[in-house]
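Structure, as structure tokens:
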Amino acid sequence: MGKAKEAVVVAGALAFAWLAIELALKPFLSKARASVDKSDPARDPDDVPDADVPKPTTDDLPDVSASETAPADA
């Protein structure tokens, strides 16, 4: 009978902990669940179309043609 009682106590403690976390984080969890419900599972946010990616121009690159290398100290 001791093992059964221990199992019931552990299950009750886990249920209480789950309920406490749900109540404490309810605003955050509600927003997260609503966001998941609105999301499109077919669209991968990591896949960015090439048209949206800006291409670097010569104005974006630093001018290193006039730079000199540091002398090597022997």
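Any read-out appearing in this document is the output of simple, stated calculations on the displayed coordinates, not a laboratory observation. Quick caveat, the model's predicted, so the values are computed rather than measured.
Here are the numbers for this structure:
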read-out: Extension gain (nm, one decimal) between MET1 and ASP46, 0.36 nm per residue minus Cα-Cα; value: 10.7 nm
read-out: Theoretical gain in end-to-end length, GLU68 to VAL8 [0.36 nm per residue, Cα-Cα removed]; value: 14.0 nm
